[in-house]
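In what follows, a single structure is set out as structure tokens and then discussed.
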Amino acid sequence: MKAWNGRFKKELNHLVEDFQASISYDHVLVAEDITGSIAHTKMLATCGIIPAQEADQIINGLYEVWTSIQNGEVTFQTQYEDIHMNIEALLTQRIGPVAGKLHTARSRNDQVALDMHLYTRKHTVTLVALILQLQSTLISLAEKYQTVIMPGYTHLQRAQPVPFAHHLLAYVAMLERDVERLVDSYKRTNTCPLGAGAIAGTTFPIDRNQVAQSLGFDRLYENSMDAVSDRDYLVELLANGSLIMVHLSRLAEELILWSSDEFKYITLDDAFCTGSSMMPQKKNPDIPELIRGKTGRVFGHLTALLTTLKALPLTYNKDLQEDKEGVFDTVSTLEQVLTILTPLLDTLEVHAEKMKQNAETGFLNATDLADYLVRKGIPFREAHAIVGKLVLDCIEKNRNLIDVPLNELQEACPQINADIYHDLSLEQMIETRTCEGGTAFEVRKNNIAHAKTRIQQW
Ligand code: ARG
């Protein structure tokens with residue numbers, strides 16, 4: 001028996017039944033649906049819309065249904081279409097026709113919106129916690145490898161030396177923006193749609209504020225039509241998730257590059273790699289590769305939902321049921337990826353010598369030589385050209401700038417003195433960059449302290 005049976009002369013075609021059912025995925029909303037129904041029932045009783053004793057029956061019944069679902073005693077049924085109708089059917093089996101009063105002053109349109117708000121709110125908090133944990137792991141690594149210097153890259157060509165810690169802290173900064181965005185989107189997510197009914201509110205004297213407060217919402221949707229048709233908060237979750245994946249895929253890509261023999265900057269722990277079924281020598285970075293790979297599906301879910309919403313007339317349309325799988329998949333993908341990255345990074349082996357070797361070759365001190373000339377009064381453009389010529393000469397002679405004898409340097413520019421060799425050393429290059437955001441140890445120490453405080457404060 002369908003909830004809308006009165007109006008229909010025929011049974012639903014069995015193909016339609018399968019096609020339109022969402023229970024195969026919206027069953028994850030059990031806790032949200034029952035929590036919402038309990039709050040709604042309490043309000044119905046407080047407002048005198050249903051007798052208190054019947055409300056108790058309904059609430060006790062809902063708890064029993066919840067327990068039996070948790071105990072694995074329930075098989076959800078496609079004929080009941082979705083989680084909302086399945087739970088109502090289970091409640092009816094337990095407490096009889098009084099279960100039918102639960103849906104007073106409510107529609108599945110505001111019910112499903114409520115469930116999705118509760119779900120998104122809960123997982124926004126989990127995601128923030130996981131990101132903060134990952135940030136802490138990155139900071140620990142930065143502290144552990146304080147003194148390690150590596151080449152910094154632009155265009156994937158060696159550019160200037162940077163502390164390995166500085167590189168890691170760039171990811172901490174990206175992740176901080178992710179946390180900020182999630183926290184900001186929480187405001188809009190934490191808005192209660194219940195009471196909007198199917199579209200226009202209800203004739204019953206409900207107390208929307210009571211429901212909202214009891215469920216911990218900060219505010220109500222002010223317009224019932226907006227309440228049932230809004231999916232912006234889900235788009236925000238998917239957009240925030242997409243940016244998180246952008247960041248994590250960049251980290252993953254670097255881990256893949258760095259663990260290759262061509263770089264050999266790091267070794268990933270055996271427990272986080274896989275081998276080849278054919279090539280005995282292989283050790284593959286599957287985990288970062290999968291993180292990189294899974295980024296695509298998250299972007300896909302964002303595009304899919306935007307496309308679903310585009311030009312959709314108000315208010316509820318069945319199209320909106322398509323919001324769920326992408327959101328659920330995004331949340332579980334993000335939670336998995338964020339969780340696995342922490343131990344993967346914790347067990348990373350860092351090859352400081354190889355990083356240093358590569359930082360010492362490739363003319364990463366060319367800018368510092370030019371800056372030295374500028375300090376001697378030479379305009380930067382001229383200094384750039386002088387050093388450019390010296391670099392070209394070094395490439396032809398297969399040597400580094402630091403190996404060029406002083407007399408040759410002075411031939412290129414008489415203002416150069418013996419102190420240049422000190423200025424061109426890795427440590428000096430890093431330590432003289434003391435401006436905000438620079439590579440010097442003192443700057444980083446402050447940055448780490450600030451980052452730690454902010455992690456504590458969220
Ligand atoms: N399963 C539906 C969904 O996810 C619930 C809302 C159904 N409302 C309706 N008017 N058919 O969107």
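The values are calculated or read from the model by the stated rules, or taken from the named source; none is laboratory data. These numbers were taken from a predicted model, which means no experiment stands behind them. When we count neighbours, we look across all protein chains shown, and the Cβ atoms used for this are built from the backbone with ideal geometry, even at glycine.
Residue 390 passes every criterion in (1) touching a Gly at 6+ places or on another chain (Cβ under 9 Å); (2) in a helix (DSSP H, G or I) apart from (1).
Quick one: would you say residue 87 is within 15 Å of the ligand (Cβ to nearest atom), closer than 29 Å to residue 329 by Cβ and surrounded by 13 or more Cβ atoms within 10 Å (Cβ to Cβ)? Judged against the criteria, residue 87 is a match. One residue alone among 407, 400, 365, 417 is without any contact (Cβ under 8 Å) to a residue 60 or more places away in the chain and either touching a helix residue (DSSP H, G or I) at 6+ places or on another chain (Cβ under 7 Å) or within 16 Å of the ligand (Cβ to nearest atom) (or both), and that residue is 400. Screening 79, 70 for residues that are under 30 Å from the mean Cα position of the chain (by Cα), over 24 Å from residue 52 (Cβ atoms) and more than 9 Å from the ligand (Cβ to nearest atom) leaves exactly one candidate, 70. Within the option set 205, 193, 161, being within 28 Å of the chain's Cα centre (by Cα) and modelled with pLDDT of 95 or more holds for one residue only, 193. Exactly one residue out of 449, 385, 412 is out of contact with any Gly (no Cβ under 9 Å at 6 or more places or on another chain), closer than 30 Å to residue 174 by Cβ and not assigned by TED's automatic domain parsing to the domain that holds residue 167, and it is 449. Restricting the first member to region 87-116 and to residues that are of a type in the set (Phe, Trp, Tyr), and the second to residues that are within 11 Å of the ligand (Cβ to nearest atom), no beta-carbon pair is closer than 7 Å while six or more apart or on different chains.
Among residues of region 71-86 that are assigned by TED's automatic domain parsing to the domain that holds residue 19 and β-branched (Val, Ile, Thr), those with a Cβ under 8 angstrom from a residue that is part of a loop (DSSP other than H, G, I, E, B) and within 10 Å of the ligand (Cβ to nearest atom), sequence gap 6+ or separate chain, pair up as 78/21; 83/22.
Among the residues of region 276-318, those that are part of a helix (DSSP H, G or I), hydroxyl-bearing (Ser, Thr, Tyr) and surrounded by 15 or more Cβ atoms within 10 Å (Cβ to Cβ) comprise 295, 308.
Condition check ((1) surrounded by fewer than 14 Cβ atoms within 10 Å (Cβ to Cβ); (2) under 20 Å from residue 116 (Cα atoms); (3) in contact with a Cys (Cβ under 6 Å, 6 or more places away or on another chain)) across all residues:
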position	(1), (2), (3)
8	yes, no, no
15	yes, no, no
34	no, yes, no
40	no, yes, no
44	no, no, no
47	no, no, no
50	no, no, no
55	no, no, no
